[in-house]
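Okay, structure first, notes after.
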Amino acid sequence: MGKDVIIACDFSSAEDTLNFLDKFEGKKPFVKIGMELFYAGGPEMVKTLKARGHKIFLDLKLHDIPNTVKKAMSVLAKLDVDMTNVHASGACKMMEAAVEGLRSNGSDAVLIAVTQLTSTSEEQLHEDLLVGSSMEETVAHYAANAKKSGLNGVVCSPLESPVVHANCGADFVTVTPGVRLAGDAVGDQQRVTTPAKAKELGSDYIVVGRSITAAEDPVAAYERCVAEFVD
Ligand code: C5P
C-alpha cells in the first residue's frame, strides 16, 4: 500500500466538484466520494472522476443486515472504485457478507471498516453509545474483527494507527481522517492530528477534507499535506 493523501470531496454537486478539481490542472489526486456527493451525483459522478484519471475511495459506510450489505456491495463492485467501506459495528457476519458481495462481481477494491468515527470522543463512546471499553480498546477490537472477516483495513484516527498495526500487522491498511494542517479549525472532529504526525504514527492514507477544500489556496494546502505525509 502506497502512502497517499485522499481529498474528501464533500461537495453537493458535480459542478462544484469539477470546478474544485480543475484547480489541480495536471495533477490527479486520490479523491473520496462520500454520502453528500454520491447522493447528489450518483454513480455518474464516480464514472466521471474515474474517466478523468482519479483513484476513488467510495465512502458510503454501509451498515445494514448482512444480506442487504452483500447485495449493495455487489452493485457497487461494478463501479470499479479503488477503495470502499462498511461500519465495523455491523459485526463480523455483515463484514463477511460485504467481502462476498464485493468480490462476487470481480472488484479488487481495498475494503475497509470504520471503527469509530473520528468525530466521536471518548466521553461520547461511553455516555452516548454505552461502550464500556476505552476508545483504543474498541478500535483495536473492531480492527481485529475486520481482519478476521477478510477486510483489508480500517478507518480510524491517526492516533490509533499504531495499535491497529501492532495487533493486525503492518500490511493491514489504516485510512485516517481527522487530519488538520496546523492552525486550521478542528470543526466537528475530535481525534485529530497534522499530516506530519499521522506519518509519524504510521497511517497508510490520510483523508483530508476541509483543510484542503476550505483553504484559500486548495492546491497549496494539498501540496503541504503531500510534503508532510508522503515526501
Ligand atoms: O473535513 P474533514 O477533513 O473533517 O473531512 C473528513 C472526511 O472523512 C469526511 O468526509 C468524513 O465523512 C470522513 N470520515 C471521518 N471519520 C471517519 C470516517 C470518515 O471523518 N471515521
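The values are calculated or read from the model by the stated rules, or taken from the named source; none is laboratory data. Small disclaimer: the values here were computed from a predicted structure and weren't measured. Cβ coordinates were reconstructed from backbone atoms using ideal geometry, including for glycine residues, and neighbour counts include every protein chain displayed. These area figures cover heavy atoms from the full protein model, side chains too; ligands, DNA and RNA do not enter into them. Shrake-Rupley method; radii C 1.70, N 1.55, O 1.52, S 1.80 Å.
Convex hull volume of the C-alpha atoms in the chain, normalised per residue: 117 Å³.
What does the charge count around Lys197 come to, taking other residues whose C-beta lies under 11 Å from its C-beta (Lys +1, Arg +1, Asp -1, Glu -1)? Residues near Lys197 contribute 0 overall.
Once you treat every alpha carbon in the stretch 64-164 as an equal point and sum by Debye, what is log10 I(q)/I(0) at q = 0.14 Å⁻¹? Cα-only, vacuum Debye calculation for the stretch 64-164: -0.52.
For the listed peptides 92-100, 21-29, a ranking on the average number of other beta carbons within 10 Å per residue, highest first, reads 92-100, 21-29. Measuring nothing but protein heavy atoms, the accessible surface of the chain at 1.4 Å probe radius is 50 percent carbon and sulfur. Between Cys225, Pro195, Asn152, the Cα set farthest toward the positive side of the dipole of the stretch 148-231 (charges on each charged residue's Cβ, about the Cα centre) is that of Asn152. For Val110, the residues whose modelled amide H falls within less than 5 Å of its own, excluding neighbours fewer than 5 places apart on the same chain, are Met83, Thr84. Distance between the modelled labels on Val186 and Asp80, one decimal in nanometres: 4.3 nm (7 Å Cα→Cβ projection). A 1.4 Å probe run over the stretch 48-92, with the rest of the protein chains in place, finds 44 Å² accessible per residue.
Put simply, the amide H of Val173, placed in the peptide plane, has neighbours under 5 Å in Gly153, Val154, leaving out anything fewer than 5 places away on its chain. A simple count of charges around Ile6, restricted to other residues whose Cβ falls under 10 Å of its Cβ and scoring Lys, Arg +1 and Asp, Glu -1, yields -1. For the residues Leu201, Leu111, Leu130, a GNM of the chain with alpha-carbon springs under 10 Å puts the largest fluctuation on Leu130.
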